[in-house]
Amino acid sequence: MSNNTLPTDQTGTTILPDPRQESVPRRIGAFFAQPVVIVWIILVLMFPLSRIVSPNFPSLGQLESTLILGLFLVVVAFGQGFVILTGGFDLSLPQTIALGAFLTGYLANTGWPVMGAIVAATIGCALIGLINGLLVAHAKFPPFIVTLATGSILGSVLLGVSRGTPAQPSPAALSSLFSGKESFLGVPTPIWALVIFALIAYLIQMRSTIGRRTFAVGNSEIASRVAGVPVSSTLIIVYTIAGISSGLAGIMLLGYSSGADLNIGASWLLPSITAVVVGGSAIRGGAGSYAGTIGGALLLTVLGIDISAAGFSEGVKQILYGVIILIALIAARLGKDTGAARI
Amino acid sequence: MTISTISARRRRISGELVAAVVIFVVIYSLLLAVAPFERNLYSFSNFVVLMMPLAVAVIGTSTVLITGGFDLSVAGTLGLSNVLATVLTSAYPDMGVPITIGILGLGLVVGLFNGVLIVLLGLQSIAVTLASYICMTGVALILLPAPGGSVPIEFTSMFKLSVGGFPAALGALIVLCLLWAYLSRTRFGTTLFSIGSDRQAAVISGMLVRATEVGAYAFAGVMYAIAGLFLTAVTASGDPNAGFPFLLTSFAAVALGLVSFRGGKGSAIGAVFGAGSLIALPKLLFGLRIQDFWSGAILGITILLALSLPLLSHVAKRRRRRPAAAAVTDTRSRKDLADVE
Amino acid sequence: MASRTKKLSRLVGAVAALASATIMLSACTAAPGDSGGDGQKDKVFLNLSYSGNNWQDEAANLAMAIAEAPENAEKYDVTKQISGTDVQKQISDLQSMIASGAKLIVSYPISPTALKQVVQEGCDRGVTFVFYDSTVNAECAYNVAFITGALADDPERAFFGAQTAQALVDLLGGEGKIFLNRGVAGTSTDAVHFDTAMAVFNKHPGIEIVAEFYGSWDSSQSQQETAKALAAHPDVEGVWSQDGEAGVLKALEAAGLEIPVTGENSNYFRQRLSEGWPGVSSGSPPAQAGIAMKVGLHILEHGADGIPKNIEVPLPWITTETAKPCEGADFVDGCNFFPGEADTFVTEVFQVDLLPEASLDAAKTGTGITEVQDLPKMTDFAQAEWRRIYTRDACDEGWAEGTVTENQIPAGLPGCVQP
């Protein structure tokens, strides 16, 4: 437990004393001990290693599929990771994804322009996040159970409202953007979406005021308060951003599948948490980096592709996923220990 | 952690327990009021047998929660216990007792595994238990690829005995609750609560923090295994996906049982009543003939209302002793303040 | 503090006394199974698993439309109940329905085995149970299912899994690399489809299964899983799919492949078939739920005479040659899909013999059936005894488990035989 009392920086690694006192090899060692770096190294190694399961790997098609399919996980894991950074959870994520997809499809069908429908759906999802945020920040309810409750309510309302037409077709423009059939400068459009989203999300989490405040709140609410960080409004904004990112994932999934029903978000809850954890973030908050989360999301996606190519049965697949999470956890832990040992 | 804070905690436990009981009694009385067909021993017995898996499982969930940890392995252990019980009793119908003991042992091993990884390696509880949950789902799928199996009636009746119309399961549940009440008063119990409210202080005061924490996960594992056996009795068959619903319902039940999600507060007995509320609520909505799709919304609102109960009592308390209000900070804030200093 | 504790214990005592008094009092006054006074309409329940996708929604709507047709609405009081995917919740709901005096429960079972006890208890109290799509193994329940169903024009060709597998083998000329897109892992329906399909594939050494994945009967997940498999095997030559085939097609299109696909009944699949995509559309018709409700109401009205316990709904069978868009809202002139509906809309809302009165509107809204037509001779739709093991977990009396070699194509599947 002694390690927990050491100050940590934004990437979750232990802050070292004045770097000038460190020898170069030690600094390099510390760099490689960062969870983010470990995840990305494993991710890059995964591609040549894929050859074990399929003679067709590694291939450009494999990379392309990883990036296109990874898009959704990169987006949902951003919102989830941002909330986890504050020490919370967003269990309303599946229903918020469904709301994003349903509202966009529904409004576009009733004659709204596509952009208008997307904006309205995003605002709707932001509202769900806002409600979560208000309940967590002002009522001081535990996030895990608050978001479970709001998710349950939202799912129920969606079911009630959508009576008779649970599935919504996607507007054509959205489908062509996210189905992976169109390319821009030789690169499929979903990959562009991935790059743009990752950049914006990275800036929000790692370079903006709200990002810095989120780390502070996650480390210690009281300390943040003492230091003048507006804790409540930070929490509210974080949950609102999480709502928006889930909504965007829903909209993208609607486009990808050119249609969506109300169960579309159900399969994303556990992967969203897994990606964040594999990416090296602390589940109790205060430490983590979005670069790590992206690495985690893409690693899980490429693993999914490899496991699919290897032809394992579903039971073995599940066991593999579980073991991989454990390995990632232990690796991150050992990395942290070696980093700490250097002081 | 001084004597005074411990006795303060004791007092708060009973307040939360009472609230959990009141919620349950309100829901169940309403159910009896609106649904005349529930007013008989037969329906009551059905109700008890049906709530057993969840009620036993949340004893484990809340014990871990009290130490400040999250145990998602409930769904995995419960499902695997169900599948193993089915597969084994179908193959060896005469071995009911050894199989039961073996499955309890499995729960213990899984709990110890979780506990050791979490406590000794310092890993995050929610992540470790998520991983072990996923692994156990895989094992269950390999053992039983599709729902089925025929559990011999001798085995199911072991868990569904009825004494003069009253289900023996109710007795088992009361025994488990008494066991927990006893445990919470032993050193193990005091340490559990101390870990949840202030780990550092517990370490400093010389408590067996690590062993107790591992013990909490092991205890929880056994509870999940028992819950799986009761589920097997209810369904008389195995289903590789049977554990999945418990992943969220167990936490919803714990919330309705007013167990704190921040650790250090709450009672597993309250959680058992929470499980009862969670099972009774859909029956109440059915009795009220509320349109089916609203049930999720009403469940969510009930949870939010349950969460706001302590808040209301807090407000009331503050009104009564305004001058002391500034000194009242929850345990989390105290820990944070310690960090600042 | 002491006074506070006392107050609490007094409160606990009061609450406990109140509760036990209520329970005791009611236990004495109400007899079990009290079904209310006379003059009340008979209670009918529709109980489904989850909702929120097209298949479940259409199925529930068709059943409701039958139950709420004027001639039935005046006699029965119909309530719909969603149980979700938690089997305990379904058991609880069924118990509530039985206790409240249900006469008929039409239900989509979450588990084939777990409901046995509660169903048996319900039957003992005079409730009629009719299950649709999936089946239960309780002896007293009626099953209306397509799982073991045969083609309408060729009753020897049975099983969705086996027939679509054979069709794919034929389309590929007996050899090629294929994907299998399965349903929800760990369900009996998926297991029956898969096992019977494998029985066919195993007879053709030229067929190589290069990837097998679970699309969970969901278009979006099927699309993602197919895309993953395509990354490793861009040279795939055919796909055998359960529900979710619309997603399979979209993944194949994104990869620029137009290869034979067999799948279920989504609007998009039929649309593409009609445009020349090679394949076969078969599988689970939502019409089953409407048929189940008709069967149940028939039993309430006229008794169970002539109604077999095991009803097999014929397999729909639409090929590249026969796929044809409907101009209006009916299956007329051999048309079999609705271009105006969503991609994942399941088109099989009609069944020519068993549910001719269905309408597109009824499938979408749950209302609008004005006249319910009489059931045909139901013994014509009885499941063959040799296929019983797949839906009841056991063979009939006088039958034993064995290999079925006659009256069924493909021959050699496990089943029930007469010694």
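Look at residue C:184 and say whether it is of a type in the set (Val, Ile, Thr) and surrounded by fewer than 24 Cβ atoms within 10 Å (Cβ to Cβ). In short, yes. Looking at residue A:69, is it at pLDDT 85 or above and either more than 24 Å from residue A:167 (Cβ to Cβ) or within 11 Å of chain C (Cβ to nearest Cβ) (or both)? It is true that residue A:69 is at pLDDT 85 or above and either more than 24 Å from residue A:167 (Cβ to Cβ) or within 11 Å of chain C (Cβ to nearest Cβ) (or both). Of the helices (runs of 4 or more DSSP H) lying entirely inside segment C:204-299, those containing at least 1 residues that are crowded, with 24+ Cβ neighbours inside 10 Å, under 23 Å from the mean Cα position of the chain (by Cα) and among the acidic types (Asp, Glu) are C:245-254.
Considering each residue of segment B:52-68 in turn, at least one proves to be of a type in the set (A, V, I, L, M, F, W, C), touching a residue at least 24 places away in the same chain (Cβ under 8 Å), closer than 27 Å to residue C:94 by Cβ and within 14 Å of chain A (Cβ to nearest Cβ). For segment A:269-286, a residue qualifies if it is touching a residue at least 24 places away in the same chain (Cβ under 8 Å) and surrounded by fewer than 24 Cβ atoms within 10 Å (Cβ to Cβ), and the qualifying residues are A:269, A:271, A:282, A:283, A:284, A:285, A:286. Could you grab me the full set of residues in segment B:281-315 that are away from chain A (no Cβ under 13 Å), assigned to a helix (DSSP H, G or I) and within 22 Å of residue C:51 (Cα to Cα)? Passing the criteria: B:283, B:284, B:286, B:287, B:288.
Taking the conditions exactly as written (exposed (fewer than 14 other Cβ atoms within 10 Å of the Cβ) and touching a strand residue (DSSP E or B) at 6+ places or on another chain (Cβ under 9 Å)), does residue B:171 satisfy them or not? Yes.
Within segment A:165-189, restricting attention to residues that are surrounded by fewer than 22 Cβ atoms within 10 Å (Cβ to Cβ) and hydroxyl-bearing (Ser, Thr, Tyr), which residue is modelled with the lowest pLDDT? The qualifying residue modelled with the lowest pLDDT is A:165. Residues considered: A:149, A:139, A:121. Of these, the only one that is buried (at least 23 other Cβ atoms within 10 Å of the Cβ), within 14 Å of another protein chain (Cβ to nearest Cβ), touching a helix residue (DSSP H, G or I) at 6+ places or on another chain (Cβ under 7 Å) and not acidic (Asp, Glu) is A:149. For segment C:53-71, filtered to residues that are more than 20 Å from residue C:283 (Cα to Cα) and surrounded by fewer than 24 Cβ atoms within 10 Å (Cβ to Cβ), the residue that is nearest to the other protein chains (Cβ to nearest Cβ) is C:64.
Of the residues in segment A:223-236, how many are closer than 19 Å to residue A:142 by Cβ and of a type in the set (A, V, I, L, M, F, W, C)? Within segment A:223-236, residues that are closer than 19 Å to residue A:142 by Cβ and of a type in the set (A, V, I, L, M, F, W, C) number 3. Can you confirm whether residue B:90 is part of a helix (DSSP H, G or I), modelled with pLDDT under 90, within 13 Å of another protein chain (Cβ to nearest Cβ) and surrounded by 18 or more Cβ atoms within 10 Å (Cβ to Cβ)? Against the criterion (part of a helix (DSSP H, G or I), modelled with pLDDT under 90, within 13 Å of another protein chain (Cβ to nearest Cβ) and surrounded by 18 or more Cβ atoms within 10 Å (Cβ to Cβ)), residue B:90 does not qualify. Would segment A:246-261 turn up any residue that is more than 14 Å from chain C (Cβ to nearest Cβ) and under 11 Å from the mean Cα position of the chain (by Cα)? The answer is yes, given that some residue of segment A:246-261 is more than 14 Å from chain C (Cβ to nearest Cβ) and under 11 Å from the mean Cα position of the chain (by Cα). Residues of segment C:122-159 that are among the aliphatic types (A, V, I, L, M) and within 20 Å of the chain's Cα centre (by Cα): C:130, C:136, C:138, C:141, C:144, C:145, C:147, C:150, C:151, C:152, C:158.
Quick grid of which residues meet (1) closer than 25 Å to residue C:257 by Cβ; (2) among the small types (Gly, Ala, Ser):
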{"residue": "C:121", "(1), (2)": "no, no"}
{"residue": "C:126", "(1), (2)": "no, yes"}
{"residue": "C:150", "(1), (2)": "no, yes"}
{"residue": "C:196", "(1), (2)": "no, no"}
{"residue": "C:209", "(1), (2)": "yes, no"}
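Of everything in segment B:29-43 that is within 7 Å of chain C (Cβ to nearest Cβ) and at pLDDT 90 or above, the residue that is surrounded by the most Cβ atoms within 10 Å (Cβ to Cβ) is B:32. The condition of being outside any helix (DSSP H, G or I) and of a type in the set (Gly, Ala, Ser) holds for only one of B:107, B:115, B:122, that being B:122.
Among the residues making up segment B:125-172, those that are in a loop (DSSP other than H, G, I, E, B) and either within 14 Å of chain A (Cβ to nearest Cβ) or polar (S, T, N, Q) (or both) are B:144, B:145, B:146, B:150.
Out of B:220, B:233, one residue alone is among the hydrophobic types (A, V, I, L, M, F, W, C), assigned to a helix (DSSP H, G or I) and at pLDDT below 95. It is B:233. Of the residues C:86, C:153, C:124, C:77, the single one that is at pLDDT below 90 and farther than 26 Å from residue B:241 by Cβ is C:153.
Within segment C:55-70, residues that are more than 15 Å from residue C:298 (Cα to Cα) sit with their Cβ atoms under 9 Å from residues that are part of a helix (DSSP H, G or I) and among the basic types (Lys, Arg), at 6+ positions apart or across chains, in these pairs: C:57/C:364; C:58/C:364; C:61/C:364. Within segment B:242-279, track down each residue that is closer than 30 Å to residue B:146 by Cα, of a type outside the set (Phe, Trp, Tyr) and surrounded by fewer than 24 Cβ atoms within 10 Å (Cβ to Cβ). Correct list: B:245, B:247, B:248.
State which residue is surrounded by the most Cβ atoms within 10 Å (Cβ to Cβ) when the search covers only segment B:290-340 and only residues that are of a type in the set (Ser, Thr, Tyr) and at pLDDT below 80. Per the stated criteria, the residue is B:331.
Where helices (runs of 4 or more DSSP H) sit wholly within segment C:94-202, those with at least 3 residues that are within 14 Å of chain B (Cβ to nearest Cβ) and closer than 30 Å to residue C:237 by Cβ occupy C:188-201. Restricting segment A:91-146 to residues that are in contact (Cβ under 8 Å) with a residue 60 or more places away in the chain and of a type in the set (S, T, N, Q) leaves a set whose member that is nearest to residue A:230 (Cα to Cα) is A:132. Remark: pairs (first residue in segment B:269-293, free of Cβ contacts under 8 Å to residues at least 12 places away in the same chain; second residue polar (S, T, N, Q); Cβ separation under 8 Å; 6+ apart in sequence or on different chains) = B:289/C:79; B:292/C:81; B:293/A:156; B:293/C:51. For segment C:234-260, name all the residues that are in contact (Cβ under 8 Å) with a residue 24 or more places away in the chain and β-branched (Val, Ile, Thr). Passing the criteria: C:236, C:239, C:248.
Scanning segment A:1-59 for residues that are among the basic types (Lys, Arg) and modelled with pLDDT under 75 yields A:20, A:26, A:27.
The values are calculated or read from the model by the stated rules, or taken from the named source; none is laboratory data. Quick caveat: nothing in here was measured; it's all calculated off a predicted structure. Positions of Cβ are backbone-derived with ideal geometry, glycine not excepted, and every protein chain shown enters the neighbour counts.
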